[in-house]
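The values are calculated or read from the model by the stated rules, or taken from the named source; none is laboratory data. On a predicted model such as this, the values are computed, not experimentally measured, just so you know. Heads up, the Cβs are rebuilt from the backbone with ideal geometry, glycines too, and the neighbour counts pull from every protein chain shown.
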Amino acid sequence: MLFRSVRITASIFVAIAFAGCATRQPAPVEDRTVHPPPPVAAPAVPTPAPVAPTAPTDTRPQTYTVKAGDTLHKIALDSGLDYRELAQWNNIENPNVIRVGQVLRLTPPDSSAQTAAGVTTTPLRATPPIVVEGKPGTLEAKPTPPIARSGENVKTSPKALKEPYSERAMREIAAASAASATSSAPAASDTPIVAATPRSDAKSEPPRAQTSDNGDDDRLDWGWPAKGKVVGVFSESANLKGIDIAGAAGEPVVASAPGRVVYAGTGLRGYGKLIIIKHNNVYLSAYAHNREIVVKEGQQVAKGQKIAEMGNTDADQVKLHFEIRRLGKPIDPVRYLPPA
């Protein structure tokens with residue numbers, strides 16, 4: 001009986017001990033794991049603004065010295081210029097007459113005075129006063145006489161005719177202009193004449209301002225100038241300046257790109273009846289050996305417009321010789337033309 005009481009008492013103490021353990025708060029747990037620092041976002045890189053296309057670098061010389069065998073038309077073609085502009089810049093009245101050793105400027109007279117804003121300024125030249133004889137201290141302003149260049153005659157302006165408009169007045173003005181042109185013909189010289197080529201088929205017109213069809217002179221939408229088989233390829237090493245396209249006499253020759261006809265005639269040896277189109281300030285195209293020319297100098301033409309009929313003038317077969325010139329330098333037309 002006593003033993004049973006002791007067991008009961010022990011059981012009570014064990015139960016109380018377990019109850020006390022159950023009510024205790026667990027010890028705090030400290031996390032000592034080393035964590036990497038949070039990633040730092042990289043600064044945003046600004047997107048660069050698109051760079052506007054720059055104009056092609058013009059590496060052409062500023063002047064050219066005439067050599068034996070040169071013509072003004074050939075010099076203009078090789079320089080990527082309109083021969084009429086070249087004549088005007090160099091005060092050449094007859095484009096068919098130039099002389100060996102003559103130095104030609106290849107840029108407009110005022111090109112050096114152009115400002116960044118595109119405004120052309122011409123420096124003023126003060127006329128030196130001349131002392132009037134017998135009147136000390138008195139000055140009289142007189143116009144400076146023009147300076148004659150070697151091989152050129154000085155031509156003064158004719159007196160203005162102030163008459164009401166009439167047919168008779170127009171005839172008199174035309175007659176006066178013809179007489180003035182006759183009196184100012186180039187003087188004979190011992191210097192050998194280089195060019196005495198036939199005049200172009202069309203009447204010469206004053207040069208017009210050059211404009212590009214788009215904002216980038218180095219980009220043009222080219223097309224084939226004629227249908228036919230390519231029988232001659234471009235070769236810089238062999239001095240083959242373009243391609244030859246065979247065809248039948250009379251087949252149409254069309255403008256490869258829009259532009260203005262700056263030459264139409266037979267003034268370049270080896271080209272026969274030739275047409276040159278200026279497309280912008282960078283590109284010219286040439287069409288040679290035509291049977292007939294159906295456009296005139298100064299005429300604006302569209303891409304694909306008929307400009308001539310295929311022929312064999314100054315050639316051994318009926319074909320079109322076609323050139324593209326960039327800043328006067330021949331380049332391979334196939335690189336610019338669409339796939340045949």
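Restricting TYR283, TYR336 to residues that are in contact (Cβ under 8 Å) with a residue 60 or more places away in the chain and more than 21 Å from LYS74 (Cα to Cα) narrows the list to TYR336. Across the stretch 269-300, the qualifying residues are those that are among the basic types (Lys, Arg) and at pLDDT 95 or above, and the one among them that is surrounded by the fewest Cβ atoms within 10 Å (Cβ to Cβ) is LYS296. Could you pull out the residue among THR120, THR59, THR47 that is β-branched (Val, Ile, Thr), surrounded by fewer than 14 Cβ atoms within 10 Å (Cβ to Cβ), out of contact with any Cys (no Cβ under 8 Å at 6 or more places or on another chain) and modelled with pLDDT under 60? The unique qualifying residue is THR120. Is there a residue in the stretch 301-312 that is surrounded by fewer than 16 Cβ atoms within 10 Å (Cβ to Cβ), touching a Gly at 6+ places or on another chain (Cβ under 8 Å) and over 25 Å from GLY69 (Cβ atoms)? Yes, that holds for at least one residue. If only residues of the stretch 244-268 that are touching a residue at least 60 places away in the same chain (Cβ under 8 Å) and assigned to a loop (DSSP other than H, G, I, E, B) are counted, the one that is surrounded by the most Cβ atoms within 10 Å (Cβ to Cβ) is SER256.
So that you can scan it fast, the table gives a plain yes or no per residue for (1) exposed (fewer than 15 other Cβ atoms within 10 Å of the Cβ); (2) out of contact with any helix residue (DSSP H, G or I) (no Cβ under 6 Å at 6 or more places or on another chain); (3) at pLDDT below 75; (4) over 20 Å from GLY270 (Cα atoms):
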site: GLU205; (1), (2), (3), (4): yes, yes, yes, yes
site: ASN214; (1), (2), (3), (4): yes, yes, yes, yes
site: ASP217; (1), (2), (3), (4): no, yes, no, yes
site: TRP222; (1), (2), (3), (4): no, yes, no, yes
site: PRO225; (1), (2), (3), (4): no, yes, no, no
site: VAL231; (1), (2), (3), (4): yes, yes, no, no
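Looking across the stretch 285-340, the residues that are part of a strand (DSSP E or B), charged (D, E, K, R) and farther than 11 Å from VAL253 by Cα come down to GLU323, ARG325, ARG326, LYS329.
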